[in-house]
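**Student:** Structure below; questions to follow.
The values are calculated or read from the model by the stated rules, or taken from the named source; none is laboratory data. Everything quoted here is computed from the prediction, not taken from an experiment. For neighbour counting, all protein chains shown are included, and Cβ atoms are generated from backbone atoms with ideal geometry for every residue, glycine included. Heavy atoms of the whole protein, side chains included, go into the accessibility calculation; ligands, DNA and RNA do not. Shrake-Rupley method; radii C 1.70, N 1.55, O 1.52, S 1.80 Å.
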Amino acid sequence: MHERSNYCVIEGISKLKKNRIVGYSLLLFFFLILLTGSVSAESKTINTEISASSTSGDGYQINNYVVQITFIRESRAIIDLYELKESGDSIKLDFTTFSDQVATYKVGEGTIVVKEVNTTTSKTLVEIIVTDITVEYQKYIDGGVDRAIYIGEPSLELSKEVDKTSANIGDTIRVTIKAINSGSGTAQRISIDPGFTPGFTFKSTIYSTYPTELPVGTSYTQMYIYEVEAAKGGTFTLSPAIATYSSSVFEDDYTAPSTRPTVTVAEEAIETSNLSFTISQDKTELKRNEKITFTINVENLKDVPASMIKITPIIPNNLTYHSGSEDIDMINEKPIIQKSIFGSRYEGEYKFTFKADKVGANILTVKLTYNNGVEDISQEVTSDMFYVERGKYDFMAEYPIYVYITPVIIIIAIAGWLHWRRSQFRM
Amino acid sequence: MLNVLMVGAGQCGNRILDAVNREAFGGGKFSKYYSRQKFPSRVETIAVNTAINDLKEMHYTKAKDRIHIPNLHGVGANRIVGKQCFIDNKDLIMRNISERGEFDVGFVITSTSGGTGSSFSPLLIKELKGKYDFPIYSVVVLPFREEGTIYLQNSAFCLKEMYDSGADGIILADNQFLKDVGGDIKSAYDGINNMVAERLLFLLEALDSEMMMVTDLGDFQTVMSGGAGFATIGFAKGDGSNTIRSVIHDSLSPSGLLFSSNVFEEGSRAMIIMRGDRKYMSIDDISSEIDKLASHIGHVFKGVIVRNGELPKVLSVLTLESTSELENLYALAVEAIQIEKDKRERMDIRKEADATFSMIEGLEPQY
Ligand SMILES: Nc1nc2c(ncn2[C@@H]2O[C@H](COP(=O)(O)OP(=O)(O)O)[C@@H](O)[C@H]2O)c(=O)[nH]1
Ligand SMILES: [Mg+2]
C-alpha cells in the first residue's frame, strides 16, 4: 500500500495525470452545463434481452451489480437489482423511485435505471442506464444473480528474467518481463516501466506491444523484452520493472515492481606481467673451502613490465656469500638484488658465488618477489642438492692450531735430532 | 768418577770399541738416537785405523772419535809397514788423546794378528806410558788358529812387544776359544765383541760404583799386577733359580771365560764382582765360593753391587801365572815362522832371488 501511494505521487504526473485532467475537464464542462439549466451526466445505456421462466431467470451483470429477471407468470416479470459482495453474498437493493416499469436505484455516487421495455413469454427486453459509474464489466449471466461473480481488485505480479546470470563485459543480456494477474479483477491501463539498470548499456527493445489490460489468469503473459550490454564488471541486482495499472471497479491506481534477477559480470582480465625464474649451478659436489656458483635467470614473459623486483637467496648454513653480479647489493650483510622495473620481455642473469664452509648436503632457495601490475607475486626456486665434502687440509681447520702444529714440531725436532745424531756418527 | 780412555786400534779393536759404545747406549740398533750412554765413568773412546772402511763401518762411535791414519797402500798384515806408519803419525794420535784431558786408567783394544792394530798398539802403549802415569791395560784378541801362518806369527811378535811395551796388564780374549758363539764369521765376531764389551762395561762399573763391599781401581791394579802379566775376564748370569755360588763358578768356567784357562791351577790373583738383587747375594754362599777359589790361587778381591730386582751377574778378573794355551800358540807361531821361512827359501832358490833380499832372511820375521 505504501508502495502504491508512492507511485501514485510520482507516476500520477505522467499518464494518470493526463486522464485526470481530461476527466476533471469533462466534469467541469458538465458542471457548467448543469449550471446553465440542462441536467447532463455521464451515462451509459445498455439494451439487452434477458431470458427467464416461471422457475428461473437470468441476469445481467454491470460491474458488481446484477439486474435479475424473475417471471411470476407468463409475460409478467419482476426486475430486481442486486449488489454482489466480496464475500460471495448478494443483497437486493431497494429502488428509490419506481414508476411505469422504470426503477431507479441510487448506488454509490451514481444511479442505475432499469426500464422494462417489453416482456415476452420467455424473455424480457430491458434498457439499463448507468450514470456516473464507469462500466468496467458487463456480462449476461446465465442462471441469474446466484451465478454472478464478484468483480474484485486486480493484482499484477511482474517477473523480470534474464537469459544469463553471468556474463563478460560486452555480452548481450536479454531481459524479459512477464506479468500475471493473480488478483480478482482485471488489471487495466497497464503501463510498464522496464527499469533499466546502471552498468548495462541499453541496446534495443525486442518487444513492447504488451496488452494494456490483463484479466485474472493462471499463466504469465509476456509483456516486454529488451536487450542490454554488460558494460562493467561486478555483481548487479537488476532494477525492477514497474507495472502501473488500475481498475474501474475500484477507483484506485496500482503499481507492481518486478522480481530482480542478479547478473554477475566478470571483471575484465587485466594484462599482467609474468616472470619466469630458474636457477642452475656449476657443480653438485665440492670440497670444503671450494666455491659454488649459482646462476639465476629471470625473464619477463609478458609485454607488461613488472615492478619492485627483489631476488633474495636464502643462504644455507654451510655456505658463505663470496661474490656475484654487479647488481647485487649487500643489505644486512646479505646479498640481494633489487630492481625497480623489469621491462617487457626483459631477461636478466645473476650469479651468486658462495664458499662452502661446512661439510654437508644442502640446497639453495632463492626467493623472487615482484608486482605484476595488479598484485604482488612471490615465488621460490630451489637448486639441486649439492654436497660439501671434507677438504684436503680440513683436519687442520677442524682442530686448533697446536693440535697439528705440535706433532709437526715434534716431528721436525725428532728429524733434527736424528739428523744431528746421525751426523755425529758418520764419517 | 773415573776418567777412562779406551782406544781401539785396527779393525778388531775398532769393532770391539763400537760394541762397547753400543752396549753403553743400551744395546738397541737405534739406541744411539734416543738414549744416553750409561757409562758410570767419563769414558773417552778413540778408534784408530789406517783402513777408512773399517772406521766407516762403526755405528755407535762418534765420528770425532775415529782417527784415520792415511797410508798410501794400507798396511796389509805387514807389521813393519804398520809400525812405520804409527811412528809417522803418532803425533796426530797423541795430540788427539792429550786434548781429551786427564785419565785415571786406559785400555787399548786390538787383535794381535792383523797389521794395523797389532803394530800400533804396543807402540801406542809405550808412548802413553812414557807420557802419562795412569795404568794402561791392553785387551788383545787372539786369532782363529786356522787363519794362517802370518796371523800366528804376527800374534807371537805382537804379544811379545805388548809385554815389553810397559802395559800394566794384557787381558786375553781368544777367537779360537770363543768361536762357538756364532754361526757365520760375521755373527761370531759380533758375538765375541759383545761378550768383550759387556765384560768391559761391567768392569768399569765395578771400579766406579758405590759397592757394598768395595773394589776400586787400586784393587784392580793390584790384581792385574800379579801373575805373568796376562789376564782374562770371566762372566756369568744367573737365571734366578741357581745359587750365587753356581753363578760365580760359571764365570770361572770355560763358558764364562774369554780365554782358555784352568783358573784354579793357572790363576794368580782374582777379583770377583757380583751384582744383582739383595736376595741373591747370600754372604755365606759368596764367602764359601770365594774362599774355595782363594785356597787355590792367591788373593781374591770381591765386590758386591746391590741392584733391586736384578738377576745376579758375576764378573771375574783373573791374572795368570802361566798359560798353557799361550804356550801352544807360541809353538804354532814358531812352526808358522819356520813354514814361512821355508816358503821364502824355496821361492828364493826357485827364483834365484837377488842377494840383498836373501841377506836379511833369518834376521827379521818373515812375511
Ligand atoms: N773377535 C773379533 N776378531 C776380529 C774381528 N775383526 C777381525 N778380527 C780378528 O782380527 C784378526 C785380523 O786383525 P784385524 O784387526 O782385522 O787387522 P787390522 O785391521 O790390520 O788391525 C783376525 O784374527 C780376525 O779373526 C772382530 O770384529 N772381532
Ligand atoms: Mg782386517
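**Student:** On the given criteria, is B:G28 more than 20 Å from the chain's Cα centre (by Cα), under 28 Å from A:H419 (Cβ atoms), more than 13 Å from chain A (Cβ to nearest Cβ) and open to solvent by less than 50 Å² (accessible area, probe 1.4 Å)?
**Tutor:** On the way: more than 20 Å from the chain's Cα centre (by Cα): yes; under 28 Å from A:H419 (Cβ atoms): yes; more than 13 Å from chain A (Cβ to nearest Cβ): yes; open to solvent by less than 50 Å² (accessible area, probe 1.4 Å): yes.
Criteria met by B:G28.
**Student:** How do the pairs read when you match residues in the stretch B:36-51 that are under 22 Å from B:I125 (Cβ atoms) and β-branched (V, I, T) with residues anywhere that are away from ligand 2 (no atom under 16 Å from the Cβ) and part of a strand (DSSP E or B), using Cβ under 7 Å and keeping only pairs 6 or more apart or on different chains?
**Tutor:** Taking only residues 6 or more apart or on different chains, the pairs are B:V43/B:V4; B:V43/B:M6; B:T45/B:M6; B:I46/B:V7; B:I46/B:I67; B:V48/B:V7; B:V48/B:I67.
**Student:** Only residues that are open to solvent by less than 90 Å² (accessible area, probe 1.4 Å), over 20 Å from A:E271 (Cβ atoms) and not polar (S, T, N, Q): list them for the stretch A:332-346, please.
**Tutor:** A:P335, A:I336, A:I337, A:K339
**Student:** Would you check which residues across the stretch B:121-135 are more than 16 Å from ligand 2 (Cβ to nearest atom) and either closer than 12 Å to B:M6 by Cβ or assigned to a helix (DSSP H, G or I) (or both) and list them? I'd like the intermediate steps shown before the answer.
**Tutor:** The initial filter retains those residues of the stretch B:121-135 that are more than 16 Å from ligand 2 (Cβ to nearest atom), namely B:122-135.
Correct list: B:P122, B:L123, B:L124, B:I125, B:K126, B:E127, B:L128, B:K129, B:G130, B:K131.
**Student:** Of the conditions (1) open to solvent by less than 30 Å² (accessible area, probe 1.4 Å); (2) assigned to a loop (DSSP other than H, G, I, E, B), B:S251 satisfies every one except a single condition; which number is it?
**Tutor:** (2)
**Student:** Within the set of pairs 6 or more residues apart or between chains, which connect a residue that is open to solvent by 60 Å² or more (accessible area, probe 1.4 Å) inside the stretch A:76-95 to a residue that is of a type in the set (V, I, T) and at pLDDT below 90 with Cβ atoms less than 6 Å apart?
**Tutor:** Final answer for the pair search is A:I78/A:T70; A:I78/A:I72.
**Student:** Need the failing condition index for B:A51 against (1) farther than 19 Å from B:F202 by Cα; (2) away from ligand 1 (no atom under 12 Å from the Cβ); (3) out of contact with any strand residue (DSSP E or B) (no Cβ under 7 Å at 6 or more places or on another chain); (4) among the hydrophobic types (A, V, I, L, M, F, W, C), just the number.
**Tutor:** Going through the list (1) farther than 19 Å from B:F202 by Cα; (2) away from ligand 1 (no atom under 12 Å from the Cβ); (3) out of contact with any strand residue (DSSP E or B) (no Cβ under 7 Å at 6 or more places or on another chain); (4) among the hydrophobic types (A, V, I, L, M, F, W, C), B:A51 breaks only (2).
**Student:** Now a separate question. Checking the structure you have, find out if any residue of the stretch B:65-82 is crowded, with 20+ Cβ neighbours inside 10 Å, within 14 Å of another protein chain (Cβ to nearest Cβ) and in contact (Cβ under 8 Å) with a residue 60 or more places away in the chain.
**Tutor:** Scanning the stretch B:65-82 turns up no residue that is crowded, with 20+ Cβ neighbours inside 10 Å, within 14 Å of another protein chain (Cβ to nearest Cβ) and in contact (Cβ under 8 Å) with a residue 60 or more places away in the chain.
**Student:** Right, here's the next one. Which of the strands (runs of 3 or more DSSP E) found entirely inside the stretch A:230-338 contain at least 1 residues meeting this: of a type outside the set (S, T, N, Q) and within 48 Å of the chain's Cα centre (by Cα)?
**Tutor:** Numbers: elements: A:234-237, A:242-247, A:252-257, A:262-266, A:275-281, A:285-287, A:291-300, A:306-314, A:319-324, A:328-331.
Where strands (runs of 3 or more DSSP E) fall fully within the stretch A:230-338 and carry at least 1 residues being of a type outside the set (S, T, N, Q) and within 48 Å of the chain's Cα centre (by Cα), they are A:234-237, A:242-247, A:252-257, A:262-266, A:275-281, A:291-300, A:306-314.
**Student:** Now for a different question. Return only the number of the condition from (1) over 30 Å from A:I411 (Cα atoms); (2) within 16 Å of ligand 2 (Cβ to nearest atom); (3) buried (at least 18 other Cβ atoms within 10 Å of the Cβ) that B:D18 does not satisfy.
**Tutor:** Every condition holds for B:D18 apart from (1).
**Student:** Go through the stretch A:109-144 and count every residue that is open to solvent by 40 Å² or more (accessible area, probe 1.4 Å) and either under 17 Å from A:I72 (Cβ atoms) or assigned to a strand (DSSP E or B) (or both).
**Tutor:** 13
**Student:** Among the residues of the stretch B:31-48, write down those that are within 11 Å of chain A (Cβ to nearest Cβ) and more than 16 Å from ligand 2 (Cβ to nearest atom). Before you say what the answer is, go through the steps one by one.
**Tutor:** Taking the stretch B:31-48 as the starting set, the residues that turn out to be within 11 Å of chain A (Cβ to nearest Cβ) are B:31-35, B:47.
Those that are within 11 Å of chain A (Cβ to nearest Cβ) and more than 16 Å from ligand 2 (Cβ to nearest atom): B:S31, B:K32, B:Y33, B:Y34, B:S35.
**Student:** Would you be able to say whether some residue in the stretch A:45-67 is more than 21 Å from A:D146 (Cα to Cα) and open to solvent by 60 Å² or more (accessible area, probe 1.4 Å)? Please lay out each step first, then the result.
**Tutor:** So in the stretch A:45-67, the residues more than 21 Å from A:D146 (Cα to Cα) come out as A:45-47.
Still in the list and also open to solvent by 60 Å² or more (accessible area, probe 1.4 Å): A:45, A:47.
Yes: one or more hits.
**Student:** Being of a type in the set (D, E, K, R) and within 14 Å of chain B (Cβ to nearest Cβ) is the filter; apply it to the stretch A:382-427 and report the residue that is most open to solvent (accessible area, probe 1.4 Å). Explain how you work it out, then say what you get.
**Tutor:** As a first pass, look at the stretch A:382-427 and keep what is of a type in the set (D, E, K, R): A:384, A:389-390, A:392, A:394, A:398, A:421-422, A:426.
Keeping just the survivors that are within 14 Å of chain B (Cβ to nearest Cβ) gives A:421-422, A:426.
Numbers: A:R421: 21, A:R422: 113, A:R426: 142 Å².
Among those residues, the one meeting the criterion is A:R426.
**Student:** Taking into account only those residues within the stretch B:136-157 that are within 15 Å of ligand 2 (Cβ to nearest atom) and more than 18 Å from B:A231 (Cβ to Cβ), which is surrounded by the most Cβ atoms within 10 Å (Cβ to Cβ)?
**Tutor:** B:N154
**Student:** Let me ask something additional. Please go through the stretch A:303-320 and pick out each residue that is out of contact with any Asp or Glu (no Cβ under 7 Å at 6 or more places or on another chain) and open to solvent by 50 Å² or more (accessible area, probe 1.4 Å).
**Tutor:** A:D303, A:P305, A:M308, A:K310, A:I314, A:I315, A:N317
**Student:** Ok, one more. List pairs: first residue in the stretch A:131-142 and under 9 Å from A:S43 (Cα atoms), second residue in a strand (DSSP E or B) and open to solvent by 60 Å² or more (accessible area, probe 1.4 Å) anywhere in the structure, Cβ distance under 7 angstrom, at least six positions apart or on different chains.
**Tutor:** From the stretch A:131-142, the pairs are A:T131/A:S43.
**Student:** With the condition kept exactly as written, say whether any residue in the stretch A:362-374 is loosely packed, with under 11 Cβ neighbours inside 10 Å, out of contact with any His (no Cβ under 7 Å at 6 or more places or on another chain) and more than 14 Å from chain B (Cβ to nearest Cβ). Full working, then the answer.
**Tutor:** Just the residues of the stretch A:362-374 that are loosely packed, with under 11 Cβ neighbours inside 10 Å, to begin with: none.
Looking for residues that are loosely packed, with under 11 Cβ neighbours inside 10 Å, out of contact with any His (no Cβ under 7 Å at 6 or more places or on another chain) and more than 14 Å from chain B (Cβ to nearest Cβ), one finds none in the stretch A:362-374, hence no.
**Student:** Which residue is surrounded by the fewest Cβ atoms within 10 Å (Cβ to Cβ), if the candidates are limited to the stretch B:85-118 and must be more than 8 Å from ligand 1 (Cβ to nearest atom) and of a type in the set (S, T, N, Q)?
**Tutor:** Here is the first cut: in the stretch B:85-118, the residues more than 8 Å from ligand 1 (Cβ to nearest atom) are B:85-109.
Next cut, of a type in the set (S, T, N, Q) only: B:89, B:96, B:98.
Numbers: B:N89: 18, B:N96: 16, B:S98: 11.
Per the criteria, the residue is B:S98.
**Student:** In the list A:R390, A:R422, which residue meets the criterion of being without any contact (Cβ under 8 Å) to a residue 40 or more places away in the chain and among the basic types (K, R)? Don't jump to the end; show me each part of the working.
**Tutor:** Values: A:R390 fails: without any contact (Cβ under 8 Å) to a residue 40 or more places away in the chain.
The match here is A:R422.
**Student:** Got at least one residue in the stretch B:49-60 being under 30 Å from B:G76 (Cα atoms), open to solvent by less than 40 Å² (accessible area, probe 1.4 Å), away from ligand 2 (no atom under 16 Å from the Cβ) and modelled with pLDDT of 95 or more? It would help to see each step written out before you state the result.
**Tutor:** Residues of the stretch B:49-60 under 30 Å from B:G76 (Cα atoms): B:49-60.
Pick out the ones that are also open to solvent by less than 40 Å² (accessible area, probe 1.4 Å) and you get B:49-51, B:54-55, B:58, B:60.
Going one step further and asking which of them are away from ligand 2 (no atom under 16 Å from the Cβ), we end up with B:60.
Filter again for modelled with pLDDT of 95 or more, leaving none.
Scanning the stretch B:49-60, I find no residue that is under 30 Å from B:G76 (Cα atoms), open to solvent by less than 40 Å² (accessible area, probe 1.4 Å), away from ligand 2 (no atom under 16 Å from the Cβ) and modelled with pLDDT of 95 or more, so the answer is no.
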